Amino acid sequence: MNGATTSGELRAHNRVRLLRAVHDCGATRTRSQLTRDLRLARGTASVLVAGLVEDALLHEEPAREHGRGRPTQVPGPHPYGPVALAVDVREDAWELAECELGGRITVLEVRPHDGTPEGALRPLGAALAAHRERLGNRFIGVGVALAGPVRHGGLVDIAHLGWNAVDVPALLAAGARGENHPAGRRSPSGTAGAEATGRPHTSADLQGAHESDAPGPPHTVADSQGADEAAAHHRPHTSAPSSSAHGTGSPGLPPAIPDPCGAHETDAHHRPHTSAPSRAARVPGGTGAEGAAGASSGPYGSPDGEAETGRGAFGGMGMPVVGNDTAFAALAEARRGRLRDVRVGLHLHVDFDLGGVLVVDGRPVAGAGGVGAEFGHMTLTGSERLCACGALGCWGADVGANALLRHAGLAHGGGRGREEAERVLATGAAAVEETARTLGRGIASLVNAHDPEVVTLSGHGPELYERAGAALLEACEPYLMAIRRERPPRIEASALGWRGALLGAMESVFDAFLTVEGLEMWRDNHPDQARDTPGRQSVTHSTPAGDRA
């Protein structure tokens, strides 16, 4: 039941359903297909689409292929429609993109950083503020993925960088305001503390880092070829930008889209679910409303101890959605990748170390305290190595770029050495095989415990599996229970490549926007939008696959 009691409430509910359906299918379904999927009357669908076009939320283009008669239309993102900003903050660089309804992403900036909270987050805050101003009233929020557990209120811990209770919203806000004084660490109770100091580095990786805080020109992610290329690339893309145009919207800075409930479950591939929108998906490793991937700080957590210093710093953007990168990648995989329509899945993300999360009915499973997606910190393989987190024998310390570098006798740790690790991955057969065996033994333990249908690998995981799959499976099988060996789960490379965390951060923003409250606020902020609605013009629609062109 959707709870609607009046015709107006039912219409508002159906507007959300239709937009959610367009977003979930990657803007690839025709109006007639969406009408059938949502079980709407044809006339009702026409009225809904017309209203959403008038509100600059949808734009229709003729289908590329159609039969005899009048061409059918494909609803997709409006040229002046809502845009979310999404960021993937890795240990050595961050990647910033803007995202349209339907999941199409356009990379705006890729910038190395020095591994410290200040060096990573203040320039990012300045870049977010600049892009938010450029977008004007098209902007609906920002999602930020980070390579560590995220506690209530956006506090992140990245042990191998020395980040402890770093207040991500506060540092982003300080960067947006151009402040130079320390800000950025709070205790879990929310009291102010000293700035957490990461480990500075002078690696050659940082040569060529952007000196300016001004946003760089965007380049558009290709739709068709990028999915295949995604699995082969291992660093944020830095190729020359294309000439993709971007609407700037009106110059006013509207209030933030609130953090109402509203994630909507997906159904079969290219077919949206027809029930009422549910609560925003709880995702491991972040904070938001009731631990949702919502507009205060994302996957895993709650609004307790919100950093008020983060509010208003971006011209009314409100709190960013802050979440764990593995959790966001798992959310995206469930929405747009190999875990779509999978009842129980396991997602593992391998970068400098390993993170993992269980996905049930399309949702990453949240922990009671808001710090999930930490399978990498389980003692699954008998190691006695001391992890930077403070625990002995963490599985993740022996899987990933740091492990590859250690096996090759190279310097490792502190988020440095990505290029060296990629060379080891490409040429160091012994190091790759040993790392793959450790990955396989850990997978066996998690399969015994959780009985997943599919295990998906992202980051360096797909290449480890490609280069040493036999060693991985050989190490996995003896540790499986006999009943698991009869029908072991599939192990598959992510369909989204390295874009999963970015896409998951985007999804968390649209979860908050695609609600009755979010659409009402959009309409309030766009009273004259109808007169700006363009005639026919080219709008490129995304596919559900993650792109990396």
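Points to keep in mind about this one:
- Any hit, the range 362-383, residues being outside any loop (DSSP other than H, G, I, E, B), closer than 20 Å to E507 by Cβ and under 16 Å from the mean Cα position of the chain (by Cα): yes
- Residue match in the range 431-454 (condition: outside any helix (DSSP H, G or I), open to solvent by less than 30 Å² (accessible area, probe 1.4 Å) and touching a residue at least 40 places away in the same chain (Cβ under 8 Å)): yes
- Positions within the range 84-120 being on the phi > 0 side of the Ramachandran plot and either within 13 Å of the chain's Cα centre (by Cα) or among the hydroxyl-bearing types (S, T, Y) (or both), in sequence order: G103
- Any hit, the range 520-540, residues being in contact with a Pro (Cβ under 6 Å, 6 or more places away or on another chain) and either modelled with pLDDT of 95 or more or surrounded by 24 or more Cβ atoms within 10 Å (Cβ to Cβ) (or both): no
- Of the residues making up the range 381-406, those that are surrounded by 15 or more Cβ atoms within 10 Å (Cβ to Cβ) and at negative phi number 17.
- Test result for A327, within 26 Å of L464 (Cβ to Cβ), open to solvent by less than 10 Å² (accessible area, probe 1.4 Å) and at pLDDT below 95: yes
The rows are residues; the columns are (1) at pLDDT 95 or above; (2) touching a Pro at 6+ places or on another chain (Cβ under 6 Å).
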site: V53; (1), (2): yes, no
site: H66; (1), (2): no, no
site: A86; (1), (2): yes, no
site: L96; (1), (2): yes, no
site: G102; (1), (2): yes, yes
site: L121; (1), (2): yes, no
site: L124; (1), (2): yes, no
site: A127; (1), (2): yes, yes
site: H131; (1), (2): yes, yes
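- Within the range 362-378, considering residues that are of a type outside the set (G, A, S) and modelled with pLDDT of 90 or more, the one least open to solvent (accessible area, probe 1.4 Å): P364
- So A27, is it open to solvent by less than 10 Å² (accessible area, probe 1.4 Å), in contact (Cβ under 8 Å) with a residue 12 or more places away in the chain, closer than 30 Å to V166 by Cβ and under 21 Å from the mean Cα position of the chain (by Cα): no
- Any hit, the range 3-15, residues being modelled with pLDDT of 95 or more, surrounded by 21 or more Cβ atoms within 10 Å (Cβ to Cβ) and not hydroxyl-bearing (S, T, Y): yes
The values are calculated or read from the model by the stated rules, or taken from the named source; none is laboratory data. Note that the structure is predicted; figures quoted are calculated from it, not measured. Glycine also receives a Cβ, built like all others from the backbone with ideal geometry; neighbour counts cover every protein chain displayed. Please note that ligands, DNA and RNA were not included when accessible areas were found on the heavy atoms of the full protein model with its side chains. Shrake-Rupley method; radii C 1.70, N 1.55, O 1.52, S 1.80 Å.
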